[in-house]
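Reading through the structure tokens given below for one structure.
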Amino acid sequence: MKEYEHKKIDKKWQQIWEKEKVFKADDESDKEKVYVLDMFPYPSADGLHTGHLLSYTGTDIVSRYLRMKGKNVLHPIGWDAFGLPAENFAIKKGVHPRETTWRSIDNFRRQIKSVGFSYDWDREINTADPGYYKWTQWIFLKLYEKGLAYKKKAPVNWCDSCQTVLAREQVIDGRCERCKNQVIQKELEQWFFKITDYADRLIKDLEKVDWPEPIKQMQLNWIGKSEGALIKFPLQGFDFSVEVFTTRPDTLFGATYLVLAPEHALIEQLKERIENIDEVENYIQKSKEKNELERTDLAKEKTGVEIKGIRAVNPANGEEISVWIADYVLMGYGTGAIMAVPAHDSRDWEFARKYNLPIKEVVKGGDIEKEAYIDKGILVNSGEFSGLDSEQAKEKIISHLKEKGLGEAGVSYRLRDWLISRQRYWGAPIPVIYCPVCGIVPVPEEELPVELPDDVDFKPTGYSPLKDSKSFHKVSCYKCGRDEGVVRESDTMDTFVDSSWYFLRYTDPRNSQEFASKDKISIWCPVDLYVGGAEHAVLHLLYARFFTKVLYDLGYIDFEEPFLKLRNQGMILGEDGQKMSKSRGNVINPDEIIEVYGADTVRVYEMFMGPFEDSKPWSTKGMIGVRRFLDKVWNMAQILKKKTDSNVLPYSLPQEDIPLVRLLHKTVKKVTVDIEEFRFNTAISAMMIFINNLNREVDNIDDVKILVNVFRSFIIILSPFAPHLSEEIWEMFGGEDFVCRQMWPIYREDLTQEDEIEFVVQINGKMRASLRVPTGLSQEEIEEKVMQINNVSKYLDGKQINKKIFVPNRLINFVVK
RNA sequence: GGGCAAGUGGCGGAACUGGCAGACGCGUAGGUCUCAAAAACCUAUGGGCUUUUGCCCGUGAGGGUUCGAUCCCCUCCUUGCCCACCA
């Protein structure tokens, strides 16, 4: 068997496709549009990895398939080019981030082209290009106008190694997502986007999209909507009260003390009246010093201090209760204060036990001496509400409180506003200035973009390098015109801001007047299929949905969900079954394997490894098996070429009712259905079965025309998977145009049906025999044949048949005694 | 602690969502070709019995529903991912 020359063939077709702009997405076309999108890569210095190849091959197969089905496909690529690694490299080596980033992009582009992906390269975008980030800044201004971007002083997560704040989503187990350094708390003035305003819509609209269920679940958990009540506890001797949020208003009678978060504003307010203020302040100071990890460590024993001199009143029964501060109560959730119901909340129970606070049972069903009873049940010790079940009691207690003006139904979310300030250089500058007279002044649209200056030093300082740039701050106030004391905001935006709208830019990537024209957006959007890693479940995917809703509300777009269908590719592990990493030395380099085995082999192998969404280990041996398959295809082309001499036969899909043509139709069906369902592995297996059969049959069939056209049909369906080899073979047989522009074959259902099947005979559910019969036989006909089989009569003779189960074309089961 | 996936040969994985478990590929063994090797091709390949026709066991473990369970239900174990003092 001869191997095909992949190096020559790959290159040849990549050049031709590029020159002819075969994959251009046509804004003017009458065909039905489909937008197939990959999550664009961060162009790291390491280059493309096998995971990129997996997801990009998947979308490429779908894109090529859809074009052949007559669709107008938008399949673009670009670069998520801002980010920390380039800047950290600049700090280490002194090379400007632009330089390293541009170099990495060139490398990524080269690598992506070497795999033969069918992108429309005319639409390439780069988030670090001023022509792009001008519009990132513009969107910021729109959010600012709408009151959705605001600045506030807040305790933030600070990574000392990256020298910047992090969004909550970027803190993993109290550590920086990127460098794994421990994150500390800092009070800083920062810019936020008000994503919490959209919490309900972000939940509700999940119903509209076809996304993997786990991803939806993760978003729901992240937004974390809880319904309950806001209840006011009056303070003894004051004319104001402490408001708490609870999901269990039914347990109100069991609230035996209140707990405030250490950051709660009330403490400052009541300072004068607190008897043990030193002790309290000491506690506050201590909890400030703890980092997120220490504070949220579940294993740790709860601590707290009673605020002496301050007492509250339980609005349900008028009982006087104590007030505490403790750092197990978080300022960021609810109202930053809780009513403690130790009998029915395990955290409160633990705390009450430690500090000898009263534990009062108000819901029957548990043993509160041993542990908190957290389930719902029948109320006791709850005055007029005793005897009700929790659900009824909830409503009644809320309306009772409402009458007295001491409470109402309330909702709380886990979701926090999105902190977008970053004290770094390599990002889009936040387009505002600070004027000593006018305060915060947004940069007017016509002044955009606010470009990154070059007179900066890259060193870890704890503030953005932009702060020290002279040229950057040469600006006068847009409102009053003064220039003395006027400075620009020197923080840049989180790179997730850049990627929250990039899918819109692809529709109109060179527009200098708008972020994208309404017309172009409406031609292509929303995205029909979006593919990328599951790690973006609560970051990018939530932010992009938020931006889409904001732009919808502002009237710039007419859809509310950006990505209609989402699929996640699985992780490709090293050959040792471990996660690929440089330190383990198990990283597969795409360049090397493409060089040695060819682009098509790598593409087909990555799809053949297993289900698209599963994690699976790399196997170079397995890949060689795929190469053998492609070599078989190539050899078949040589064999058939010889048979046809130099005659060019017109192509059409064979329709003859012979076994080989039936197998072809069956294979076409399998591949068609499998592509649509993202089951590329079984599609490839079907094609392997086909070529093995053709190999066996090729010398038994005399009609060369049928043979060649069966083979050419096969090449057409192979082409989305192995496009280079397919083009070469298509050309070899004098095929018109490109194989990637052929119509996808339409299989004939009747030819995909089996005419003979293996019919199974069971006795008491155990398989005892099978027989080859034509399809469609009736139970009587089957029974007649079955009774003649030795192994069946052996089991039936002298037995009583209680029941016969007949499944047409499949099996018959005799239940005997 | 909570939520969600998933557990099938020596390995990656198939199995129309209740109907022949192990497709396809890798690996392994034997064979053909060769002076020899590699490649390629052919045959075999879940385990255990059996001279053959055959029989028994087998989809993480145990139970259940069913004529029939990899698939549905219950309990448990293991692995992975996500969240986690969220009131």
> What residue, of A:Asp558, A:Asp576, is under 22 Å from A:Trp138 (Cβ atoms) and either open to solvent by 50 Å² or more (accessible area, probe 1.4 Å) or assigned to a strand (DSSP E or B) (or both)?
Replying inline: A:Asp558
> Between a first residue in region A:320-337 that is of a type in the set (D, E, K, R) and a second residue that is within 7 Å of RNA strand B (Cβ to nearest atom) and open to solvent by 10 Å² or more (accessible area, probe 1.4 Å), which pairs have beta carbons less than 9 Å apart while being 6 or more apart in sequence or on different chains?
Replying inline: A:Asp327/A:Arg295; A:Asp327/A:Lys302
> If you take the residues in region A:207-252 that are β-branched (Val, Ile, Thr) and in a loop (DSSP other than H, G, I, E, B), which one is most open to solvent (accessible area, probe 1.4 Å)?
Replying inline: A:Thr247
>> Checking A:Val668 against (1) assigned to a loop (DSSP other than H, G, I, E, B); (2) more than 16 Å from RNA strand B (Cβ to nearest atom), only one condition comes out false. Which one?
In response: (1)
>> Looking only at region A:317-328, filter to residues that are open to solvent by less than 10 Å² (accessible area, probe 1.4 Å) and either more than 29 Å from A:Glu384 (Cβ to Cβ) or near RNA strand B (Cβ under 7 Å from one of its atoms) (or both); which one of those is modelled with the lowest pLDDT?
In response: A:Asp327
> Hey, A:Leu143 hits all of (1) open to solvent by less than 50 Å² (accessible area, probe 1.4 Å); (2) over 15 Å from A:Tyr543 (Cβ atoms); (3) touching a residue at least 40 places away in the same chain (Cβ under 8 Å) but one; which does it fall short on?
Replying inline: (2)
> What number of residues within region A:774-803 satisfy the criterion of being within 11 Å of RNA strand B (Cβ to nearest atom) and either free of Cβ contacts under 8 Å to residues at least 12 places away in the same chain or within 26 Å of A:Gln753 (Cβ to Cβ) (or both)?
Replying inline: 3
>> Looking only at region A:465-508, count every residue that is polar (S, T, N, Q) and either touching a helix residue (DSSP H, G or I) at 6+ places or on another chain (Cβ under 9 Å) or on the phi > 0 side of the Ramachandran plot (or both) and tell me the total.
In response: 6
> Give me the pairs: first residue in region A:239-253 and farther than 15 Å from A:Ile374 by Cα, second residue part of a strand (DSSP E or B) and near RNA strand B (Cβ under 8 Å from one of its atoms), beta-carbon distance under 7 Å, and six or more apart or on different chains, which are they?
Replying inline: A:Val242/A:Ala337; A:Glu243/A:Ala337; A:Val244/A:Ala337; A:Val244/A:Ile338; A:Val244/A:Met339; A:Phe245/A:Gly228; A:Phe245/A:Ser412
>> Every residue in region A:762-817 that is open to solvent by 50 Å² or more (accessible area, probe 1.4 Å), of a type in the set (Val, Ile, Thr) and modelled with pLDDT of 85 or more, please.
In response: A:Ile805, A:Val807
> Looking at region A:642-695, which of the residues that are under 30 Å from A:Lys565 (Cα atoms), among the hydroxyl-bearing types (Ser, Thr, Tyr) and touching a residue at least 60 places away in the same chain (Cβ under 8 Å) is most open to solvent (accessible area, probe 1.4 Å)?
Replying inline: A:Ser685
> Would a scan of region A:189-200 turn up a residue that is within 16 Å of RNA strand B (Cβ to nearest atom), of a type in the set (A, V, I, L, M, F, W, C), touching a helix residue (DSSP H, G or I) at 6+ places or on another chain (Cβ under 6 Å) and not in a strand (DSSP E or B)?
Replying inline: yes
>> Restricting to region A:579-593, name every residue that is open to solvent by 60 Å² or more (accessible area, probe 1.4 Å) and either over 10 Å from A:Thr50 (Cα atoms) or in contact with a helix residue (DSSP H, G or I) (Cβ under 7 Å, 6 or more places away or on another chain) (or both).
In response: A:Lys579, A:Lys582, A:Ser583, A:Arg584, A:Gly585, A:Glu592
>> If a residue must be more than 21 Å from A:Val708 (Cβ to Cβ), buried (at least 18 other Cβ atoms within 10 Å of the Cβ) and away from RNA strand B (no atom under 16 Å from the Cβ), how many such residues does region A:721-761 contain?
In response: 0
> Which one of A:Ile398, A:Ile420 is among the β-branched types (Val, Ile, Thr), out of contact with any His (no Cβ under 7 Å at 6 or more places or on another chain), within 18 Å of A:Asn314 (Cα to Cα) and crowded, with 19+ Cβ neighbours inside 10 Å?
Replying inline: A:Ile398
> In region A:538-592, how many residues are under 30 Å from A:Gly116 (Cβ atoms), of a type in the set (A, V, I, L, M) and within 16 Å of RNA strand B (Cβ to nearest atom)?
Replying inline: 7
> Looking at region A:601-623, which of the residues that are closer than 20 Å to A:Lys8 by Cβ and either touching a Pro at 6+ places or on another chain (Cβ under 7 Å) or β-branched (Val, Ile, Thr) (or both) is farthest from RNA strand B (Cβ to nearest atom)?
Replying inline: A:Val602
>> Looking at region A:50-88 only, could you name the residues that are assigned to a helix (DSSP H, G or I), open to solvent by 10 Å² or more (accessible area, probe 1.4 Å) and modelled with pLDDT of 95 or more?
In response: A:Val62, A:Leu66, A:Arg67
>> If I go through region A:131-163 residue by residue, how many of them are in a loop (DSSP other than H, G, I, E, B) and of a type in the set (D, E, K, R)?
In response: 2
> Among (1) in contact (Cβ under 8 Å) with a residue 40 or more places away in the chain; (2) surrounded by 22 or more Cβ atoms within 10 Å (Cβ to Cβ), which single condition is A:Ile105 missing?
Replying inline: (2)
>> Can you tell me which condition A:Asn314 does not meet? The list is (1) more than 7 Å from RNA strand B (Cβ to nearest atom); (2) of a type in the set (S, T, N, Q); (3) at pLDDT below 90, and all the others hold.
In response: (3)
> Among the residues of region A:224-238 satisfying the criterion of being more than 45 Å from the chain's Cα centre (by Cα) and of a type outside the set (Phe, Trp, Tyr), which is farthest from RNA strand B (Cβ to nearest atom)?
Replying inline: A:Gly237
> Do we find a residue being crowded, with 22+ Cβ neighbours inside 10 Å, hydroxyl-bearing (Ser, Thr, Tyr) and outside any loop (DSSP other than H, G, I, E, B) anywhere in region A:477-492?
Replying inline: yes
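The values are calculated or read from the model by the stated rules, or taken from the named source; none is laboratory data. Since the structure is predicted, the reported quantities are computational estimates derived from the model, not experimental observations. Positions of Cβ are generated from backbone atoms using ideal geometry, with glycine treated the same way; all protein chains shown enter the neighbour counts. What goes into the accessible areas is simple: the full protein's heavy atoms, side chains included, and nothing from ligands, DNA or RNA. Shrake-Rupley method; radii C 1.70, N 1.55, O 1.52, S 1.80 Å.
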